[in-house]
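These notes concern the structure reproduced below.
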Amino acid sequence: MADIAYTPGVGNAPFGELNSNAFGSEYAANSGYTTTAQETILLQLAVRKAIFDAAPEQYNALKLVFEKEMIEYGATEFRYEENTFGRSALQATGVVAAVAAVAGASVQQTIPMTAASVTYITPDVIIIYPDNTQAVVKSITGLNVLVESQTSAGLSAVAANDIFSILSTIQADAMDYFSNYERLSTIDRYNYIQQFLRADRWGRVELLEWQNQGTTDYLVRNKAEKMRQIRTDLFNAFFNGIRGEYRISNNYVTKAMGGIFPTLQAAGSMNANPTLAGLIPTFQTLAFKTNYKKVGATRFIYGTDEIIFELMNGYKGPQTRYAPNDSIANLNLTQIEFGTMKFVPVVCELFREQSCFPKDWARRLLVVDQEAISPVKMKGLPAFFSGETLNRGERGTRESFTDFYIEANLSMQMNNPLSSFWIDVQ
C-alpha cells in the first residue's frame, strides 16, 4: 500500500520538482521548502560533470556563449566552487604610535585589526606597512596582532583603516614546530536552471483551413517567430535574470536563473558611471584594476552599437581582426589591445529595446571575462526542443486542437565575477 495518497494536477503539491530538494539546498532554504531524511539519502545536489543555432546578429552574444560546451547538471539547482586567490590584505582598526629603533634590539607594536584580517595571518608571517616598513607577527590575541621589527629597526605609526600587505612566511633552522597552518578557501556559488516555453494553439478544422487555403507562408513564419521570441527570452535572462522563485499561473511554482549583470552586482564587481568625455580613461582604469587574467587573455565588451562606437572611437589605431580558432571567427569581430590585455566589442542592440531591458541598458557597457562563463542545461533534456501535440483523430486523443511549442532550459555558471565590470555612461 502507498504511504501517501494524492490527487495529481493540483499545483505542484505534494510531489514534483519543487519538492525534490537535496540536503543543503539553497533553494529549499530560500523558498521555505524542507528536506527530509529520506530526501537526503535518495537525492544529492548536482555537482558539475563535464546550442545555439544560426541566429541574427543581435544574438551574437549568445552565439559566443554557446560556442562553449554546455555543462549538464542532474537537478535544477546546482552549486560550484571557486578557489580564492589565497591571500588578502590586512586592515587596521585603530591608531598605534610609532616605535623608535633601538640599536641591537627589536621593538614591538600591538595593532588592532578587523575580524577578517586576523583569519588571514598566523605567527611568523612578515607584514608590510603602507610606507613599506616591515615586521613579523609574533602572536594574535583576539583582534590584536603583536608584531616585532627587525633588529635595530623601528616601527611606523598606524592609522585606522591602514592597509597592510603580506610579504611572506619565515622560519629558522632547527625549529621543532610549524607555526603556519592553512587550508584552501573556496567560494560557494549556486544558480538555478530556468525553463522557457513559447506555444500557440490551432483548432483542428482551423489549421486545415490555413493549410488548404492559405495564400502566404504565415504558418512557417509563425513558427519562426516562436524561435525568435524564445531566443530573446534566453538572451534577456542570460544577461539580466535575477535568481529566485516565481509563483506562476494555476498555483505552479518554479525557479528563475541568475544572469550576468545581477551576478556582477551581487559579487561587488567594479563599476562606474562617467560622462562620455570620461569614458576612455574610466574604461582603462577599470580594465587594469580587474586584470586577473593571464597575459594576452581576451575579455568581451557588450553594449549597443552607439555606445560601442563611442568607445571604439578612442581606439582607432589599435583595432585588429579578432581571429579565434573556432567558428567565432565567422562573426567578423574586431579587437583592441592595450597593456597586456585584449578586448573584443560585441554589439547588442537588444540592450536598447525597452520591451527587453530598462532604458539604462542603452548606455551600459558590460565587460565580461567570457572564459569564466559557461552555459548550463538540465541533464537528459535538450537545450531546445520543439514539437506539436496530437489532435482528435490521431492515436485516439479527445482534443480537437493542436498546440505547437518550443521549450528550452538554460542557466549559466560564472566564476570570478570580479574579473568583469560594467560602465553606465551618463
Past 24 Å, Cα to Cα: identify those pairs from 68/377; 63/379; 289/377; 68/289, in the order given. 289/377; 68/289
Scaled to the compact-protein estimate 2.2 N^0.38 Å, what is the alpha-carbon radius of gyration of region 116-174, rounded to two decimal places? 1.10
Can you figure out the FRET efficiency of residue 108 with residue 354, using R₀ = 60 Å and their beta-carbon distance, to the nearest 0.05? 0.45
Calculated FRET efficiency for the pair residue 30/residue 175, C-beta based, R₀ 41 Å, to 0.05: 0.25
To the nearest 0.05, how large is the calculated FRET efficiency for residue 309 and residue 221 if R₀ is 30 Å and r is the Cβ-Cβ distance? 0.40
Determine the relative contact order of region 164-260: mean sequence separation of Cα pairs under 8 Å and six or more apart, normalised by residue count, in whole percent. 29 percent
Order of 348, 356 - criterion: other Cβ atoms within 10 Å of each residue's Cβ, fewest first: 356, 348
Using amide H atoms built 1.01 Å from N in the peptide plane, name the residues 5+ places from residue 91, or on other chains, whose amide H lies under 5 Å from its own. 114, 117, 164
Tell me the relative contact order for region 90-169 as a rounded percent, counting alpha carbon contacts under 8 Å between residues six or more apart. 45 percent
Taking the beta-carbon count within 10 Å as an exposure proxy, list 423, 170 from fewest neighbours to most. 170, 423
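Every number in this text was worked out from the coordinates using simple rules, so none of it is lab data. On a predicted model such as this, the values are computed, not experimentally measured, just so you know. When we count neighbours, we look across all protein chains shown, and the Cβ atoms used for this are built from the backbone with ideal geometry, even at glycine.
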